[in-house]
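A short write-up of the structure that comes next.
The values are calculated or read from the model by the stated rules, or taken from the named source; none is laboratory data. Because the structure is predicted, anything quoted here is derived from the model rather than measured. For neighbour counting, all protein chains shown are included, and Cβ atoms are generated from backbone atoms with ideal geometry for every residue, glycine included.
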């Protein structure tokens, strides 16, 4: 159904090469430096398609907005540093327990759970006195 165009291949390679979380504008910036014909609309359309096909995850990080990452097999959450903006993945069995509890108590079928924690990373905490 969906042709693998050179532009889509480039965008997927850029997301994979980012090694973590990247937003649409940064994907566009990197892509347009390699292919001047690519538009921001193409980036957004491709990201929507990649999400539908299960190739990438869209991660909403509050005021920071949406970031994209290659779909990972293990469900994980994110910590965001309020000072430097670093995004760190983490896994916790508590997330699964929370989802199970919500299913049981509220008879709610959870299809996706996103959790992000905001605070200060180790480096910023050290340099800033936040603790």
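Of note:
- Note on the range 19-29: among residues that are in a helix (DSSP H, G or I) and touching a strand residue (DSSP E or B) at 6+ places or on another chain (Cβ under 8 Å), the one that is nearest to residue 65 (Cα to Cα) is 24.
- Selection of the range 37-66 for residues being farther than 19 Å from residue 85 by Cα, part of a helix (DSSP H, G or I) and touching a residue at least 24 places away in the same chain (Cβ under 8 Å) yields 42, 43, 46, 47, 49, 50.
- Of all residues in the range 103-116 being exposed (fewer than 12 other Cβ atoms within 10 Å of the Cβ) and under 23 Å from residue 65 (Cβ atoms), the one that is modelled with the lowest pLDDT: 112
- Among the residues of the range 14-34, those identified as modelled with pLDDT of 95 or more and farther than 21 Å from residue 60 by Cβ are 30, 31, 32, 33, 34.
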